[in-house]
Amino acid sequence: MAAIIDGKAISAQIREEIKEEVCSFVSKHGKAPSLTVVIVGEDPASQVYVRNKARACAQVGIVSDVIRLPADSDEDELLSLIKRLNEDSGVNGILVQLPLPDGFDEKKVICAIDPKKDVDAFGYENVGRILTGDYDFLPCTPAGVMELLRRSGIEVRGKDCVVVGRSNIVGKPMAALLLHENGTVTVCHSKTADLPSHTRRADILVAALGRPGFIKADMIKDGAVLIDVGINRREDGTLTGDVDFDGCFEKASAITPVPGGVGPMTITMLLKNTLKAAEKQI
Ligand code: GUN
């Protein structure tokens, strides 16, 4: 039977720690760390994420600002806004919520953010730093997964780690972080031949492919640690992960639920990055 890795509780504990650090930052420097979130258009899921990010900032004493641009803004308008935020010493972290509406070059926009303020760590400089192990910021979701493993006492060193999904935001940086912790890492994707032969070898399996309930009990090893990064919305509006939670529960040794597993950790890591950005900019 699996132990449930309670991301909500672990996240709440880390947020308390961040709140204390923010408090001492304020007493030392007379101002709070600040994050500016830019959202373009009306994507409903993005609206929810941005609202949650602003709420989490307020909870720990980070000042946040949300700048909304209409979906029909042009790219130059967004690039000049980023330039202005880069030059504003009152802004420590900048986050442009993705996806951007059609017609925007996401890579160009993300790379326009000053790497010292790129709290998502999506820009080329930060990605290169992550890969070489010389980093200030880690991308929030993979960093959240590593923190969950650490705080649950799950050792990565020497383990067979299998990541299913190769996105720039999760799969690829996840593989790099597991490798930094001396895991033996396999990255699987939609073109992988005989996927179960890989997932069945995993001591630690990270599912980040975006297909509800895809990882079934017959695809995992006895005693596997299952980290579910999937957030899929069912027709009734409730959320479900990429792992068949009920089916895998008896066979796994530890599992993250959805919701309440990796999700809360992502925003927590954003708070941590914003505080770090502010400290680096003093
Ligand atoms: N859209 C979905 N997840 C993310 C994220 O972590 N950062 C940004 N900027 N956009 C997102």
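Only the coordinates and a few stated rules stand behind these numbers; no lab work does. These figures come from a predicted structure and were not determined experimentally. Neighbour counts are summed over all protein chains in view; Cβ atoms, including those assigned to glycine, are modelled from backbone coordinates with ideal geometry.
For the range 197-252, build the convex hull from the C-alpha positions and give me its volume per residue in Å³.
About 69 Å³ per residue, rounded to a whole number.
If you rank CYS188, CYS140 by fewest surrounding Cβ atoms within 10 Å, what's the result?
Working: CYS188 23, CYS140 26.
Neighbour counts put them in this order, fewest first: CYS188, CYS140.
Which log10 I(q)/I(0) values, to two decimals, does the chain give at q = 0.09 Å⁻¹ under the Debye formula with one point per Cα?
-0.43
Sort LYS191, LYS280, LYS221 by Cβ crowding within 10 Å, fewest neighbours at the top.
Exposure proxy ranking, most exposed first: LYS191, LYS280, LYS221.
For the range 25-120, what value does the Rg/Rh ratio take when both radii are computed over Cα atoms and Rh is the Kirkwood radius, given to two decimals?
0.98
Using the count of nearby Cβ atoms within 10 Å as a rough guide to exposure, how do THR141, THR132, THR184 rank from fewest to most?
Result, fewest neighbours first: THR132, THR184, THR141.
Using the structure shown, select from LYS8/LYS251; LYS159/LYS272; LYS53/LYS108 the pairs with a Cα to Cα distance greater than 25 angstrom.
LYS159/LYS272
On C-alpha positions alone, give me the angle between the axis of helix 140-151 and the longest principal axis of the chain, in degrees, nearest 10.
For 140-151 against the chain, the angle is about 50 degrees.
How charged is the neighbourhood of GLN59? Take every other residue with its Cβ under 14 Å from the Cβ of GLN59, and add Lys/Arg as +1 and Asp/Glu as -1.
Neighbour charge sum, excluding GLN59 itself: +3.
How far is helix 171-180 tilted off the main Cα axis of the chain, in degrees rounded to 10, range 0 to 90?
80 degrees
Considering every Cα-Cα pair within the range 105-182, what fraction, in whole percent, is farther apart than 19 Å? Write out the running numbers ahead of the final one.
Values: 1092 of 3003 pairs.
Distances greater than 19 Å cover 36 percent of the Cα pairs.
Nearest 10 degrees is fine. How inclined is helix 7-29 to the longest principal axis of the chain, computing both from alpha carbons?
30 degrees
Filter the trypsin sites (Lys or Arg not before Pro) in the range 18-116 to those in DSSP coil with at most 16 other Cβ atoms within 10 Å of their Cβ, and list the result.
LYS31
Counting alpha carbon pairs within less than 8 Å and at least 6 residues apart, what relative contact order, in whole percent, applies to the chain?
22 percent
Calculate the radius of gyration of the Cα atoms of the range 13-76 to one decimal place, then report Dmax, the largest Cα-Cα distance, as a whole number, both in Å.
For the range 13-76, the Cα-based Rg and Dmax read 14.5, 43 Å.
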